[in-house]
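**Student:** Here you go, one structure.
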Amino acid sequence: MAAFIGIGVLRHMLYRLVFWAAILLCLTQLLITLWRSDRPMAAMKSTNVNTRTILQNMMDFHVARTTTPPYESLLTVEPWVDKGLAQSEQLIMDQVQRRLPNLPVSYWNENKNKLMYYKNESCARFPSIYELEFNNVYWQSLHTTNGSFHLFSAYYDVRKYSRIGPAVRILGMINRIEPVVRTHCQFWFDGYRQPVIVKTMEYKYIWYKKWGNYKQGIFQPYLIACQVPKSHHHAVPASVSLVENVCDRATNNLRVVYDRPVVKKDFAVCVKGLDFLYEDLSVRLVEWIELLHLLGADKIFFYQLQVHPNISKVLEHYEAKGMVHVQPLTLPGGQPNVPGFQHLYLTKKVNHKRQNELIPYNDCLYRNLYSYNYIALLDIDEVIMPIKSRTWKELMDVVLVKALAKRNETRASYNVRNVYFLDDLIHEHGWFKTMPRYMHMLQHVYRSQNYTKPNQYVKCFHNPERALTLHNHFPLACLGQACTSYPIETEDAHLQHYRADCVKTLKKTCTEFRQNSVMDTTIWRYKRQLISKVSNTLSLLGFFPTLI
């Protein structure tokens with residue numbers, strides 16, 4: 001065998017030697033031809049053609065001999081293939097559960113071989129996960145005689161301010177305004193072979209019709225409520241299916257989310273579906289995540305549509321550290337999910353974009369109902385900045401005292417006013433040489449002197465005990481009583497909004513914002529820690545060129 005391999009190597013060496021000798025011969029002939037400039041042009045052209053022919057023939061010979069191994073060696077060589085991916089069904093199901101958190105994989109696995117139905121085998125049979133109707137990966141569907149439903153997730157709600165008692169709330173989109181179709185919830189409990197079936201109590205619209213898109217046929221965001229009967233108040237449903245008629249075979253089956261840790265944490269931040277396929281905001285994202293962590297965010301929950309590969313790298317890094325959670329997201333129904341096309345769609349269809357955003361916002365609220373004292377909905381160019389305090393916890397300790405002094409009640413939210421830190425304000429004053437230029441927020445410390453009007457473009461710390469449905473800027477519906485939001489004084493905190501320009505509706509006012517700017521270096525109190533954390537992360541992730 002060794003002798004066989006040695007012969008093969010010698011042959012390769014011989015072929016290469018012949019090849020380069022031929023190349024050298026051709027080049028020599030070409031130089032001689034050019035040197036003899038007194039030769040007729042026709043003869044010179046003929047020589048050049050012959051030279052090119054010889055070169056091409058030798059190249060073809062070399063490629064033919066070097067791209068394919070000698071025939072004898074092909075008899076024993078084995079191509080490289082990945083033989084390590086074979087997995088058991090259980091391992092595959094574990095991966096499915098991580099990818100589709102709204103699917104009751106464990107409950108189905110435990111009960112898939114049992115006969116589970118309502119009154120007889122043809123009535124409300126427990127659906128196999130292979131019989132469900134999925135829509136755009138993360139949604140499950142129900143088609144009724146009056147409208148289609150795309151369901152995203154389901155949650156167990158036992159909050160003390162809820163007047164309907166224990167209930168399951170289902171978040172989804174329906175292509176009807178003011179739906180009139182009667183539907184039912186089929187609850188499936190551990191240890192029971194029969195479902196508990198109740199009528200749907202409410203379709204809660206998560207939108208104001210004055211905002212537009214109030215048309216039949218357009219998928220609208222809803223929170224659907226089904227009360228758990230008193231006979232089952234002691235248990236939490238494992239899953240729920242939404243059907244039109246009691247005995248219908250369900251085409252959807254959602255895991256009921258109920259995560260109740262022993263100890264609540266303070267602050268969660270929710271970020272709507274990221275749509276930055278063509279914009280690499282990775283470095284700015286690192287600065288933003290690190291700053292929010294310094295301010296007191298226990299975890300940031302991202303929803304992801306399409307993003308630049310560098311953004312994915314950043315999110316994967318922080319998810320591995322436990323600082324963020326990333327949930328992939330799609331648009332339901334016939335809306336586009338092709339990268340690029342989806343981005344254009346969301347740019348052109350602004351009201352559709354806004355309505356779709358309400359799904360991740362409210363999913364984030366309900367997944368964290370019992371885990372955090374406050375939930376903030378922020379974009380990655382926004383920071384709730386304490387003025388006198390160092391952290392959000394210290395800020396809220398001050399704010400709660402002031403709020404209770406004004407009115408002795410629990411608020412649904414605590415809002416901060418918006419102020420613009422526009423990109424071009426820095427150019428009038430130049431860069432700060434004591435800080436890296438890539439630290440966008442540390443460099444941009446000039447802001448408009450005036451705030452946007454109260455209750456306009458505000459952001460809030462939401463109280464999960466009181467919020468029923470959330471909008472980007474404030475609660476839309478609340479438990480117990482009407483939604484109340486306490487305005488945090490600007491001497492205590494504000495929303496630092498880092499943008500290239502004002503929103504379109506403030507174009508006229510934006511000129512005034514630019515003409516009246518002030519320097520606000522509140523963020524510099526974190527600069528030493530922030531520069532260190534951001535630079536270390538960027539270095540670790542390979543964002544800096546190798547310095548020799």
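**Student:** List the residue pairs whose Cβ atoms are under 6 Å apart, where the first residue sits in the stretch 163-180 and is over 24 Å from PHE219 (Cβ atoms) and in the same structural domain as LYS215 (by the TED database), the second is open to solvent by less than 20 Å² (accessible area, probe 1.4 Å) and modelled with pLDDT of 95 or more, and the two are 6 or more positions apart or on different chains.
**Tutor:** From the stretch 163-180, the pairs are PRO166/VAL228.
**Student:** If the requirement is being part of a loop (DSSP other than H, G, I, E, B), modelled with pLDDT of 95 or more, open to solvent by less than 50 Å² (accessible area, probe 1.4 Å) and polar (S, T, N, Q), which of these qualifies: GLN335, GLN355, GLN327?
**Tutor:** GLN335
**Student:** Quickly run through the stretch 525-540 and pick out the residues that are of a type in the set (A, V, I, L, M, F, W, C) and closer than 15 Å to TYR438 by Cα.
**Tutor:** LEU530, ILE531, VAL534, LEU538
**Student:** If you scan the stretch 369-382, which residues turn out to be surrounded by fewer than 23 Cβ atoms within 10 Å (Cβ to Cβ) and either in a loop (DSSP other than H, G, I, E, B) or among the aliphatic types (A, V, I, L, M) (or both)?
**Tutor:** Within the stretch 369-382, LEU369, TYR370, SER371, LEU378, ASP379, ILE380, ASP381 meet the criteria.
**Student:** In the set TYR205, TYR222, which member is open to solvent by 20 Å² or more (accessible area, probe 1.4 Å), within 22 Å of ASN102 (Cα to Cα), modelled with pLDDT of 95 or more and of a type outside the set (D, E, K, R)?
**Tutor:** Of the residues listed, the single one that is open to solvent by 20 Å² or more (accessible area, probe 1.4 Å), within 22 Å of ASN102 (Cα to Cα), modelled with pLDDT of 95 or more and of a type outside the set (D, E, K, R) is TYR205.
**Student:** On the basis of being assigned to a strand (DSSP E or B), open to solvent by 10 Å² or more (accessible area, probe 1.4 Å) and charged (D, E, K, R), does ARG255 make the cut? Write out each step before concluding.
**Tutor:** Numbers: assigned to a strand (DSSP E or B): yes; open to solvent by 10 Å² or more (accessible area, probe 1.4 Å): yes; charged (D, E, K, R): yes.
Yes: the conditions hold for ARG255.
**Student:** Would you say LYS83 is open to solvent by 70 Å² or more (accessible area, probe 1.4 Å) and either in contact (Cβ under 8 Å) with a residue 12 or more places away in the chain or within 21 Å of ALA250 (Cα to Cα) (or both)?
**Tutor:** Here the answer is no, as LYS83 does not meet what is asked.
**Student:** Taking the condition of being open to solvent by less than 30 Å² (accessible area, probe 1.4 Å), assigned to a helix (DSSP H, G or I) and touching a residue at least 24 places away in the same chain (Cβ under 8 Å), how many residues in the stretch 417-475 meet it?
**Tutor:** 4
**Student:** Those residues that are small (Gly, Ala, Ser) and surrounded by 15 or more Cβ atoms within 10 Å (Cβ to Cβ), I need them from the stretch 119-164; list them, please.
**Tutor:** Answer for the stretch 119-164, where residues must be small (Gly, Ala, Ser) and surrounded by 15 or more Cβ atoms within 10 Å (Cβ to Cβ): ALA124, SER141, GLY147, SER148, SER153, ALA154, SER162.
**Student:** Residue under question is THR505, and the condition is that it be in a helix (DSSP H, G or I), under 30 Å from the mean Cα position of the chain (by Cα) and buried (at least 18 other Cβ atoms within 10 Å of the Cβ); does it hold?
**Tutor:** no
**Student:** Next question, about the same structure. Would you confirm whether or not the stretch 271-294 contains a residue that is open to solvent by 10 Å² or more (accessible area, probe 1.4 Å), touching a Leu at 6+ places or on another chain (Cβ under 7 Å), touching a residue at least 40 places away in the same chain (Cβ under 8 Å) and not in a strand (DSSP E or B)?
**Tutor:** Yes - at least one qualifying residue is present in the stretch 271-294.
**Student:** Touching a strand residue (DSSP E or B) at 6+ places or on another chain (Cβ under 8 Å), open to solvent by 60 Å² or more (accessible area, probe 1.4 Å) and not small (Gly, Ala, Ser), is that true of GLU89?
**Tutor:** no
**Student:** Also, I was wondering about something else. Among the candidates TYR366, TYR318, TYR361, single out the residue that is in a helix (DSSP H, G or I) and within 24 Å of GLN443 (Cβ to Cβ).
**Tutor:** Working: TYR366 fails: within 24 Å of GLN443 (Cβ to Cβ); TYR361 fails: within 24 Å of GLN443 (Cβ to Cβ).
Residue meeting the stated conditions: TYR318.
**Student:** In the stretch 92-118, what residues are without any contact (Cβ under 8 Å) to a residue 24 or more places away in the chain, surrounded by 10 or more Cβ atoms within 10 Å (Cβ to Cβ) and not in a helix (DSSP H, G or I)?
**Tutor:** Hit for the stretch 92-118 is LYS112, nothing else.
**Student:** Let me ask something else. Looking at (1) open to solvent by less than 50 Å² (accessible area, probe 1.4 Å); (2) part of a helix (DSSP H, G or I); (3) in contact with a strand residue (DSSP E or B) (Cβ under 8 Å, 6 or more places away or on another chain), which is the only condition TYR414 fails?
**Tutor:** (2)
The values are calculated or read from the model by the stated rules, or taken from the named source; none is laboratory data. Note that the structure is a prediction, hence the values are computed from the model and not measured. Quick reminder, even Gly has a Cβ in these numbers, built from the backbone with ideal geometry, and neighbours come from all protein chains shown. Ligands, DNA and RNA are excluded from the accessible area calculation, which covers all protein heavy atoms including side chains. Shrake-Rupley method; radii C 1.70, N 1.55, O 1.52, S 1.80 Å.
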